[in-house]
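> The structure under discussion is supplied below as structure tokens; questions concerning it will follow.
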């Protein structure tokens, strides 16, 4: 082959390869951009899901604490009522015992 034809062939091959490299570079850049966008979207969705779960957990914990407080309050009220009743009975028994002791003392 004459030298000018070889030079033109080499130039054509070089330009074709350069064009393929540019297309490959663009396609790679687009793929990386798409993957980064997908990753950001998935991270945002995961963050929203975690925040929602934390909010639900907080609400359930608050509800459980409220239930426990109500139960303790009710139990405390029942304990107080029982203590009052026992004190009243003890007072009545003390008065009865005192009266009985007074009767025994008078009988002697």
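> Out of 60, 22, 45, 55, I need the residue that is out of contact with any helix residue (DSSP H, G or I) (no Cβ under 7 Å at 6 or more places or on another chain), surrounded by 10 or more Cβ atoms within 10 Å (Cβ to Cβ), assigned to a helix (DSSP H, G or I) and at pLDDT below 90. Which one?
22
> State whether one or more residues within region 71-89 are under 27 Å from the mean Cα position of the chain (by Cα) and either assigned to a helix (DSSP H, G or I) or free of Cβ contacts under 8 Å to residues at least 60 places away in the same chain (or both).
Yes, region 71-89 contains at least one residue that is under 27 Å from the mean Cα position of the chain (by Cα) and either assigned to a helix (DSSP H, G or I) or free of Cβ contacts under 8 Å to residues at least 60 places away in the same chain (or both).
The values are calculated or read from the model by the stated rules, or taken from the named source; none is laboratory data. Keep in mind that this is a model prediction, so the values were computed, not measured. Ideal geometry is used to build each Cβ from the backbone, glycine not excepted, and the neighbour counts take in all protein chains shown.
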